[in-house]
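The values are calculated or read from the model by the stated rules, or taken from the named source; none is laboratory data. Predicted model only: the values in this text are computed from it and were never measured. Note that we place each Cβ from the backbone using ideal geometry, even for glycine, and neighbour counts take in every protein chain shown.
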Amino acid sequence: MREHSGIYPRWLWQAFALPGVVWLILLFLVPFYAVIGVAFGGVDPIFMIPVPAWNPLDWNAESVIRTLLGFLPGGDYWVVFLRTTVYVALALAICLLVGYPVAYYISRHARRTKSVLLALLVLPFWVSYLMRMLAWVNLFAPGGYVNDFLAWSHILPDPPDWLNGNPVSVILALVYGYIPYLILPLLAALDRIDKSLLEAARDLGASPSSAFLHVTLPLSMTGVLGASVIIALPMFGDYYTPNIISGSPTTSMLGNQIDLFFHGGPQPSIGASLTLILSLFLAVLMTYYMYSVARATREVRDE
Amino acid sequence: MQNHDAGVSGILEALRTGRISRRQAFKALAAVGFGGALAPALSRLAAAEDALMGPGGIPLARPDKPVTLPLWEDPIKSGMEPETDGTFTVFNYADYIDKALVDEFGKQHKVKTQITTFDSMDQCITRLATHAVRADVTNITPDRLAQAVAGKLIKPVNPDYVPNLKKNVWPSLHSPFYDQESRYTVPYTVYTTGIGWRNDKVKEDIPNLSNPWSIFWNSQAYKGYVGVLDDSREALVLAMLYRGNYDINTEDPAAIDKALEDLKALIPICNPKVNITEYQTLPEGTSWLHQCWSGDLLGGVFSYMPEDTDPSVLSYWSAPIGKGPIQNDCWAISATTKKPVLAHMWLNYIVDNTVATDNFLNFNGYQPPMNSITPEQLVAQGRIPANLKTAVMTAADFGPGALQEMTLTPKGQALWQSAYAKFVSGA
């Protein structure tokens, strides 16, 4: 039986969770159920606006099934789904390659400068995502500073067209846009690692790299997974980054298809179905993350 | 028997408003024992369906098939004084009307004014239909009129309050095909869909090509600098016109698939950007060849031309009458208005010569259909460069032979949207 302080009523502690629960219900569960209702619903015959089917008994699964079949090889969404997955995977890998050392440095080696570096990490949040992407457009335009510098320095005498349907630009823009969201939780995870474990490893003869590989890295894996999930989820649904940076059909992502069907026309149920299928796919990543966290917690508790 | 009658009425109403198909109606009527008796009526409805019925049983207007929209209520009486006090809300695309002109209207009539914006006509209709906005007047496109009237979103107009329509506007738009007798609308802007290009980059003589639309399929040299309008109708219509198919309101899956195939062929040729920012990218030179709305090109010259660039580097071509799309936007009175007389005054104000010209030349670059505005005069006054005379329309452009993208049936809309989704997916 859980103990509780006698001077406070038992419900007080549960009540602390109330704002979070209300928040989740209002801003996640209700909208998500609305998406389900639209996916399985119809459209108003006059205005062509979605008419959600709130009652599961009224659900029409035709649109969801048709959309799901589109994800099979050769289907309408197969190519764009594959492209989105590759872009997100590459962007995530680059984010980790760049972000992990940064987080590691700040956590382990930055002492006096730690607060300054943290402030610098937060700095991009002061400028809206959209503005940062638009800044990229100016920087990487054919006559922009980047190409001028590359040509002037003879690094690339004939610089590429970064903004004309170039997948590299879209992936790098995703990295640029989302990397702060990866570093911060990763930094928190690295900060939580008990330093005495590292000292013990070193005392037992482990080299710095061996201590990193056998202590720091495994203990930070839940942080890596958590940070990866945090940025992978919005990257999968992103549509404005490819729009702004490329605008070409060859770099469009699944989010662009969702935007198209939701933005108007008689098929909002396809947009909602795409959202649902994407959510299910992402739920797999999320489940793996939660499983890993639970396993790590269990291991710590058992030790 | 009364129950039977109610059932039959319900079925016919559902059929009329498009909630059920003719086949479903036959089945339902047979079930209540009226299948045979009502067969002639259903046949008439079937014939009407073949003539493409829109929402609420309103026929779908085409330039050669004009439609008189039904009055769902009587217009207001003549001779009333405009309402004063309170706020007058103008519902419109962002940056499509000069705020100074809206403020001036408010000052004239002693009301506060407010511009509320929408991103697309879909959003406009949705927000009006769900009462998310209480507008007094709204911008609307002809292809949405049947929806707006069937859904009682806009009010009928009493022409006595809008004398400027007959006085100042092109006669061809006094009683347009989409709204015969101008029962609900006054025209706002007119524009063509054509080709805009940088003549300092594109070397072909586009207007003199045997098929100017084909330039997009021969633009390998401009790869990365070519653009197509981000609009499901316009993009696919481009491909149809390239093939000489002028049935731009077709619902034939084969024609739409063929257009999709041609559009997809553009990707390896020129990797087109799909956007509606040509008003900025053409003047700035980040785009060299773009499917283009005439108003965007003129607006680009007025607002986005870099200081060190001569506007004569821009060229525009639009097809002859009946060979390329033309469009016009309108103003209508929102059904939720509490200031119906003042809303009529707005319709009259917007087709005032000074107001319309000011909004066109000093703000959005979209031409109003005013008798007082001619391409020759604009060039002579130095308001537009001579090379963009082609972006200015004349009254003769509107008529039964014109091509105008108009309302499709829901099935047709789905076909076009799905095809466009395949194009923009890059598959």
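Structure above, values below:
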{"read-out": "Any hit, region A:201-219, residues being assigned to a helix (DSSP H, G or I), acidic (Asp, Glu), more than 14 Å from chain B (Cβ to nearest Cβ) and out of contact with any strand residue (DSSP E or B) (no Cβ under 7 Å at 6 or more places or on another chain)", "value": "yes"}
{"read-out": "B:LEU347 being surrounded by 21 or more Cβ atoms within 10 Å (Cβ to Cβ) and in contact with a Leu (Cβ under 8 Å, 6 or more places away or on another chain)", "value": "yes"}
{"read-out": "Residues located in region B:161-184, provided they are buried (at least 19 other Cβ atoms within 10 Å of the Cβ) and free of Cβ contacts under 8 Å to residues at least 60 places away in the same chain", "value": "B:SER182"}
{"read-out": "Top-ranked residue of region A:34-46 - restricted to ones that are within 19 Å of A:LEU68 (Cβ to Cβ) and either within 22 Å of the chain's Cα centre (by Cα) or of a type in the set (A, V, I, L, M, F, W, C) (or both), ranked as farthest from the other protein chains (Cβ to nearest Cβ)", "value": "A:ILE36"}
{"read-out": "Residue list for region B:248-272, filter: over 24 Å from B:ILE326 (Cβ atoms) and surrounded by 18 or more Cβ atoms within 10 Å (Cβ to Cβ)", "value": "B:CYS270, B:ASN271"}
{"read-out": "Residue ranges of helices (runs of 4 or more DSSP H) in region A:231-303 with at least 1 members more than 30 Å from B:ARG144 (Cβ to Cβ) and touching a residue at least 24 places away in the same chain (Cβ under 8 Å)", "value": "A:240-245, A:268-302"}
{"read-out": "Single residue of region B:60-117 satisfying the filter (hydroxyl-bearing (Ser, Thr, Tyr) and more than 17 Å from the chain's Cα centre (by Cα)) that is nearest to B:PRO400 (Cα to Cα)", "value": "B:THR68"}
{"read-out": "Of all residues in region A:86-130 being without any contact (Cβ under 8 Å) to a residue 24 or more places away in the chain and closer than 16 Å to A:THR241 by Cα, the one that is nearest to the other protein chains (Cβ to nearest Cβ)", "value": "A:VAL86"}
{"read-out": "Top-ranked residue in region A:163-200 [being in contact (Cβ under 8 Å) with a residue 12 or more places away in the chain and not in a helix (DSSP H, G or I); ranked as nearest to A:TYR100 (Cα to Cα)]", "value": "A:ILE193"}
{"read-out": "Among (1) outside the structural domain of B:GLY285 (by TED's automatic domain parsing); (2) farther than 22 Å from B:LEU282 by Cβ - the single one B:PRO320 does not satisfy", "value": "(1)"}
{"read-out": "Scope region B:385-419; condition within 14 Å of chain A (Cβ to nearest Cβ), surrounded by fewer than 19 Cβ atoms within 10 Å (Cβ to Cβ) and touching a Gly at 6+ places or on another chain (Cβ under 8 Å); matching residues", "value": "B:THR409, B:PRO410, B:ALA414"}
{"read-out": "Unmet criterion (only one of (1) away from chain B (no Cβ under 14 Å); (2) within 30 Å of B:GLU278 (Cβ to Cβ); (3) of a type in the set (Val, Ile, Thr)) for A:ILE230", "value": "(2)"}
{"read-out": "Of residues in region A:254-272 being crowded, with 22+ Cβ neighbours inside 10 Å and over 14 Å from A:ILE49 (Cβ atoms), the one farthest from the other protein chains (Cβ to nearest Cβ)", "value": "A:GLY255"}
{"read-out": "Condition met for B:ILE256 (touching a strand residue (DSSP E or B) at 6+ places or on another chain (Cβ under 9 Å), closer than 22 Å to B:PRO410 by Cβ and of a type in the set (Val, Ile, Thr))", "value": "no"}
{"read-out": "Helices (runs of 4 or more DSSP H) contained in region A:1-114 and holding at least 3 residues farther than 24 Å from A:PHE281 by Cβ", "value": "A:11-15, A:18-24, A:78-108"}
{"read-out": "Those residues of region A:69-85 which are within 12 Å of chain B (Cβ to nearest Cβ) and of a type outside the set (A, V, I, L, M, F, W, C), in sequence order", "value": "A:GLY70, A:PRO73, A:GLY74, A:GLY75, A:ASP76, A:TYR77, A:ARG83, A:THR84"}
{"read-out": "Members of region B:38-78 found to be more than 15 Å from B:THR407 (Cβ to Cβ), at pLDDT 50 or above, of a type in the set (Gly, Ala, Ser) and assigned to a helix (DSSP H, G or I), listed by number", "value": "B:ALA39"}
{"read-out": "Residue that is nearest to the other protein chains (Cβ to nearest Cβ) [pool: residues in region A:47-65 that are free of Cβ contacts under 8 Å to residues at least 40 places away in the same chain and closer than 19 Å to A:HIS263 by Cβ]", "value": "A:PHE47"}
{"read-out": "Count of residues meeting criterion [under 25 Å from A:THR251 (Cα atoms), of a type in the set (A, V, I, L, M, F, W, C) and assigned to a helix (DSSP H, G or I)] in region A:132-162", "value": "9"}
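Yes or no, residue by residue, for (1) crowded, with 21+ Cβ neighbours inside 10 Å; (2) within 14 Å of chain B (Cβ to nearest Cβ):
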| position | (1), (2) |
| --- | --- |
| A:LEU139 | no, yes |
| A:PHE149 | no, no |
| A:HIS154 | no, no |
| A:ASP158 | no, yes |
| A:LEU163 | yes, yes |
| A:VAL170 | yes, yes |
| A:LEU186 | yes, no |
| A:ASP191 | no, no |
| A:ASP194 | no, no |
